[in-house]
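Peer 1: Below you'll find the structure I mean.
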Amino acid sequence: MKRLLVALVACALALSANRAELRGTALAQDNADEGVRVLLQQLEQAVQSGLTSRYMVLVSDTADRISARSFGDAEIMPDATRVVIQERDRQGLRTPAPGTAYRLTVDAFVEFGGRAREVTWQLDVIRSERSQPWRIDAQQRLSGVDNLYRLSLNPAKQYDARDLTIAAEDLELTLRSGSVFVSETDHGVTGLVLLGDADVRFHPAPETEQTQLKIYCGSRTLTSHVNALFVRINPDDFDTGVASGHLTPRAVDPRTFGRADAIFREDAPKSFGLDLGDLSDESWSLVPSNGDFLAEIHTRPYGTLTYARSASEPEDITLFNRKLHRNIALYTSAQKLAQRGRFFDEDDGVDYDILDYDIDLFVAPDRAWLNGRARVHLKVREALASVTLRLADPLVVFSVVSDQFGRLFSIRVRNQHSIVVNLPKMIERDAELTLTIAYAGRLPPEPPDRETVALPQNRQEAQDEGLLVPPEPSYLYTNNSYWYPQSGVTDYATATIRLTIPASLECVASGELTSVSPVPVTATDATPRKVYVFTATQPLRYLAFLVSHFTQSATATVVLPNRTLTLAVDTNPREARYGRELADRAADIASFYASLLDDYPYPAFTLALVESIRPGGHSPAYFAALNQPMTLVPMQSRNDPEVFANYPEFFVAHELAHQWWGQAVGWRNYHERWLSEGFAQYFAALYAQHHRGNQTFAGVMRQLRQWGMSASPQGPIYLGYRLGHIRGDSKVFSALVYNKSAAVLHMLRRLVGDDAFFRGVRRFYRTARFSKVGTEDFRLAMEAESNRSLGRFFERWIYGATLPKVKFSHRVDGDAVVLHVEQIGELFDFPLTVTLRYAGKPPVEVIVPVTDRTVDMRVALAGTLRGVDINTDDGTMAEVVRN
């Protein structure tokens, strides 16, 4: 006790002695802050004057005057109308007298009427004595954006228009008579508003897009009367894209201008807009690139349709319904198709690869509040001067700091979930760069895809769903949430995630939980919390986490061909009784899949069982969220392509398969998603055969076939998420991307044989592991192992939407039966399973490989033939007509 008192007295004396010094330091810091603020205000005035001489007054006597004048001549421009300079970062410089030199990073926003520029400067500032003013000793430009525009309609210009047509690929906008108003930059017209008697005609060239358009509007060509039009173009394209001979200048009618201005104010901020934060609260815009085109088309029957042609996108033509938030059309222009070819890799347009993430995130689930700091280590693929990162719009970026360059300027691109980080110089190919982004905001968890659903939030909603009580709340942040700064496309990377959550909750995340986690901590407001640390040494496509009330119900160690798997089952408390059974089942499924592929891609897996209103789940790398239905109302499996009544293990089998298909093997673009869902669905079917036998497997294949055939007119498997998208019908997507894809894999297996099929699957998996691949990669792997061409098979079944139609007959010829198949219409390759029924003997199945217009197969009889049937339990999706 005496030692403690002595120590406390010593601490008190030390604190008392330090207080005077701290007060002096604080006073000096306040003086320094005020002095620097005064210097920056003087710098604002110098920049607004447009005179380098005014800048030179602020330069110290010890500075390099030639460099300072060169900087002033380059950065200070005439005719500035408003200047804002904000300090972003301050670092002390070593000097004999502390507090007399700093390195500042500042953002300068300079307006020139309706045009503006934003630049980031690094300024070394000094003062010789504390009583002397601060002066600039060195300076350099780090980054900047020129040619920002505050757009508005020109109130002094109006044109009468007659038979004016503005055209883009597959689109004609015709104003038979009416008025045109323009928005101009110093380079010319970049925006137009058209009012009057107008029509739109959209007629996409690809047949697949015509089918989607017919689903949307009932016709392969969309035509409609137009209430108003807003168009954005590059000024250089105005003369070629807008026939000025159809425009006649006239006096401005105030009422008509008022209508046009209202349209402009509504539509202009939707595209090409930037959020400049504290530099400006006004709307500023970029100018479209040469050849780019955007039209906001106001119609009565369809609401506002947005047509866009954007050369930077792999599929550069879109038609989008803003009210429904639906892509009506999305495809590649004829020009780009001729240059690039039919297929594309979303990585082709990416300037960098992310190698590693280090994320520190606080989560308050009850408020949907995130506060994070993400360290992103990337490698440059092509020389770049800026880095575009995807981050959800509601999350505010406080700073972006580079290990190499210090603090950097970033711009939020409105309505794009994107930030653009400007770099101080061009970064060459293969160089590596680390950025640390601090951000925070309110971001609700959102279902990542069609496998998850929203939960009732109160007792009344629960009763409406047939529940006794509301499900335990759970909060999933995953690929579509954009909760962390990431590339514009999925990108394999390693990761470390530190999650701080309320002490009453638990979480699972992408990665292996460290042995010391979770660690209890106390916040500054005395709130108890927990810190979880997850590390992912194997590359991940994306990061995810799930927070809820969990208890660890079971663990298991599974010995697999290439590793030992640590498996855990975490459940909501009411579901703990299912933990042990689920752990055993998941271990058996993992062992079965690993035996097929000779691999398990990740060292750990957690199955998180969460309460829900319907079955389903979501499976990022390292864990899966599996919905445990609590409803008292029986599931109507006939109306859901993902529910298999006689196969209760289906969902866990499907989600676990995603550790291989969808995670270890990624898809090259959204068209290729079937490589994830179709393979996961088929592997789940294979486990049904392994665990429950051929009868259950036949029932699964029958259901896959039925849904695949019924939904095929909606479009090809290759259309990905857009299947059912226009009408918001997720069953179409499931029926085709899940079920039809799985049935196609089974047809391929029966066509080439088991040995060749599984050799091909293993070859494909080995070459694709931890990378993004496409249908053509799978085709080549299967062709190599089967030693046959499969081009037509994939063309018809993956890229096409039609189904084969055949006539079938048989005849007995002596001691054999001849099976005759004739294709009607397009030629397909597929296996047709025929069952031969004998008197007093078991039936015999025969696979007829149908690869030509007519096929005759002679089969030796094994007894007295009683009949011949077409087997519909093998997944073959063909319409068979018996002769």
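The values are calculated or read from the model by the stated rules, or taken from the named source; none is laboratory data. Computed from a predicted structure; not experimentally measured. In this analysis, Cβ positions are derived from the backbone assuming ideal geometry, glycine residues included, and neighbour counts consider all displayed protein chains. Heads up: the accessible areas ignore ligands, DNA and RNA and are worked out on the full protein's heavy atoms, side chains in. Shrake-Rupley method; radii C 1.70, N 1.55, O 1.52, S 1.80 Å.
Peer 1: At q = 0.14, 0.15, 0.17, 0.19 Å⁻¹, what base-10 log of I(q)/I(0) does the Debye formula yield for region 215-326 when every alpha carbon is treated as an equal point scatterer in vacuo?
Peer 2: Here the Debye-derived log intensity ratios amount to -0.75, -0.86, -1.08, -1.29.
Peer 1: Of Lys214/Lys740; Lys336/Lys740; Lys323/Lys805, which sit over 32 Å apart, Cα to Cα?
Peer 2: Values: Lys214/Lys740 22 Å; Lys336/Lys740 30 Å; Lys323/Lys805 40 Å.
Checking Cα-Cα distances, Lys323/Lys805 exceed 32 Å.
Peer 1: For q values of 0.09, 0.16, 0.19, 0.20 Å⁻¹, compute log₁₀ I(q)/I(0) with the Debye formula on a Cα-only model of region 581-726, without solvent.
Peer 2: The computed values of log10 I(q)/I(0) come out as -0.28, -0.94, -1.33, -1.44.
Peer 1: Per the 1.4 Å probe, what fraction of the accessible area of region 460-581, in percent, lies on carbon and sulfur atoms?
Peer 2: Numbers: 2660 of 5130 Å².
That fraction is 52 percent.
Peer 1: For Ser399 and Asn154 in the same chain, what is the full-extension length gain: residue separation times 0.36 nm, less their Cα-Cα distance, in nm? Display every interim value, and only then the final one.
Peer 2: Details: separation 245, 0.36 × 245 = 88.20 nm, distance 3.69 nm.
Here the answer is 84.5 nm.
Peer 1: As I understand it, the value is the acute angle between the Cα axis of helix 674-692 and the longest principal axis of the Cα atoms of the chain; what does it come to in degrees, rounded to 10?
Peer 2: The angle comes out near 50 degrees.
Peer 1: So which aspartates and glutamates pass the test for Lys731, namely a Cα distance under 12 Å, with those fewer than 8 places away in the same chain ruled out?
Peer 2: Here the aspartates and glutamates satisfying the reach criterion relative to Lys731 are Glu451, Asp640, Glu642.
Peer 1: GluC sites (Glu not before Pro) within region 814-866: which are DSSP loop residues with at most 15 other Cβ atoms inside 10 Å? Each step should come with its number before you reach the end.
Peer 2: Numbers: sites: Glu822, Glu826, Glu845; in loops: Glu826.
Sites meeting the loop and neighbour criteria: Glu826.
Peer 1: By average Cβ neighbour count within 10 Å, what is the ranking of 387-395, 265-273, 622-630 from highest down?
Peer 2: On the way: 387-395: 20.1, 265-273: 18.0, 622-630: 24.3.
Ranked by mean Cβ neighbours within 10 Å, highest first: 622-630, 387-395, 265-273.
Peer 1: May I ask which of Lys270/Lys425; Lys379/Lys772; Lys157/Lys270 have a Cα-Cα span longer than 27 Å here? If you can, show how the numbers build up before the last one.
Peer 2: On the way: Lys270/Lys425 30 Å; Lys379/Lys772 17 Å; Lys157/Lys270 24 Å.
The answer is Lys270/Lys425.
Peer 1: Here is a follow-up. Let me check against my output: what whole-number percent is the relative contact order of the chain, with C-alpha pairs under 8 Å and at least 6 apart?
Peer 2: Taking the mean separation of contacting Cα pairs over the length of the chain, I get 6 percent.
Peer 1: Further, regarding this structure: Take the eigenvalues of the Cα gyration tensor for region 679-794, scale each by 5, and report the square roots as semi-axes in whole Å, largest first. Each step should come with its number before you reach the end.
Peer 2: Working: eigenvalues 110, 73, 34 Å².
Values for region 679-794, descending: 23, 19, 13 Å.
Peer 1: Run the quick spin-label model on Asp869 and Thr223: label points 7 Å from Cα toward the beta carbon, then report their separation in nm to one decimal.
Peer 2: Calculated label separation equals 5.3 nm.
Peer 1: Ratio to report: Rg/Rh of region 733-840, with Cα atoms as the point set and Rh obtained by the Kirkwood method; give two decimals. Show your work: numbers first, answer last.
Peer 2: On the way: Rg = 16.8 Å, Rh = 16.0 Å.
Ratio of gyration radius to Kirkwood radius: 1.05.
Peer 1: For the chain, report the accessible area per residue in Å² (1.4 Å probe, heavy atoms, rounded to an integer). Display every interim value, and only then the final one.
Peer 2: Details: 37760 Å² over 883 residues.
On a per-residue basis, 43 Å².
Peer 1: Just to confirm the number: angle between the C-alpha axis of helix 694-711 and the first principal axis of the chain, 0 to 90 degrees, nearest 10?
Peer 2: Compared with the principal axis, the helix lies near 60 degrees.
Peer 1: Give me the percent of the accessible area of region 94-219 that comes from carbon and sulfur atoms, probe 1.4 Å, all protein chains in place. Mind dumping the intermediate values first?
Peer 2: Values: 2200 of 4930 Å².
Looking at region 94-219 in its full context, I get 45 percent from C and S.
Peer 1: Related question: For the chain, go through all pairs of different Cα atoms, get the mean of 1/r, take its inverse, and jot down that Kirkwood value in Å.
Peer 2: Values: mean 1/r = 0.0316 Å⁻¹.
Averaging 1/r across every pair of different Cα atoms and inverting gives 31.7 Å.
Peer 1: Go through region 251-265 residue by residue and turn each phi into a ³J(HN,Hα) via Karplus (6.51, -1.76, 1.60, θ = phi - 60°); whole Hz please, and just put x for glycine and proline.
Peer 2: Each residue's phi maps through the Karplus curve to give 5, 6, 8, x, 5, 5, 4, x, 5, 5, 5, 5, 4, 4, 5 Hz.
Peer 1: For region 520-582, what is the per residue volume of the convex hull drawn over the alpha-carbon atoms, in cubic angstrom?
Peer 2: Given the Cα convex hull of region 520-582, per-residue volume reads 146 Å³.
Peer 1: Given a 1.4 Å probe and every protein chain left where it sits, what share in percent of the accessible area of region 348-416 is carbon and sulfur?
Peer 2: Details: 1280 of 2950 Å².
Here carbon and sulfur together make up 44 percent of the probe-accessible area.
Peer 1: Right, next: With all protein chains present and a 1.4 Å probe, how do Thr514, Thr524 order by accessible area, largest first? Each step should come with its number before you reach the end.
Peer 2: Details: Thr514 40, Thr524 155 Å².
Largest accessible area first, the list is Thr524, Thr514.
Peer 1: Also, I was wondering about something else. Starting from the Cα of Arg342, step 7 Å along the direction of its Cβ; do the same at Phe758; then give the gap between the two resulting points in nm.
Peer 2: Using points 7 Å along Cα→Cβ, the separation is 3.2 nm.
Peer 1: Which order do the peptides 133-139, 545-551, 421-427, 248-254 take when ranked by the mean count of other beta-carbon atoms within 10 Å per residue, highest first? Mind dumping the intermediate values first?
Peer 2: Details: 133-139: 20.1, 545-551: 22.0, 421-427: 17.9, 248-254: 10.4.
Top to bottom by mean Cβ count within 10 Å: 545-551, 133-139, 421-427, 248-254.
Peer 1: Shifting gears a bit: Could you calculate, for region 504-623, the ratio of the Cα radius of gyration to the Kirkwood radius, expressed as Rg to Rh?
Peer 2: Details: Rg = 15.3 Å, Rh = 15.4 Å.
Ratio value, two decimals: 0.99.
Peer 1: Report, in whole Å, the centroid distance computed from the Cα atoms of region 574-598 and region 193-247.
Peer 2: Between the Cα centres of region 574-598 and region 193-247 lies a distance of 54 Å.
Peer 1: Under the classification rounded if a/c is under 1.5, otherwise prolate if a/b is larger than b/c and oblate if not, where does region 281-430 fall, given a ≥ b ≥ c as square roots of the Cα gyration tensor eigenvalues? Please list the in-between numbers first.
Peer 2: Details: a/c = 1.97, a/b = 1.31, b/c = 1.50.
In terms of gyration-tensor shape, oblate.
Peer 1: Is the C-alpha gyration tensor of region 474-566 telling us rounded, prolate or oblate? Criteria: a/c under 1.5 is rounded; beyond that, a/b larger than b/c is prolate, otherwise oblate. Each step should come with its number before you reach the end.
Peer 2: On the way: a/c = 1.98, a/b = 1.19, b/c = 1.67.
Oblate, since a/c reaches 1.5 and b/c is not below a/b.
Peer 1: OK, next. Angle check, please: helix 775-786 long axis (alpha carbons) against the longest principal axis of the chain (alpha carbons), in degrees 0 to 90, nearest 10.
Peer 2: 40
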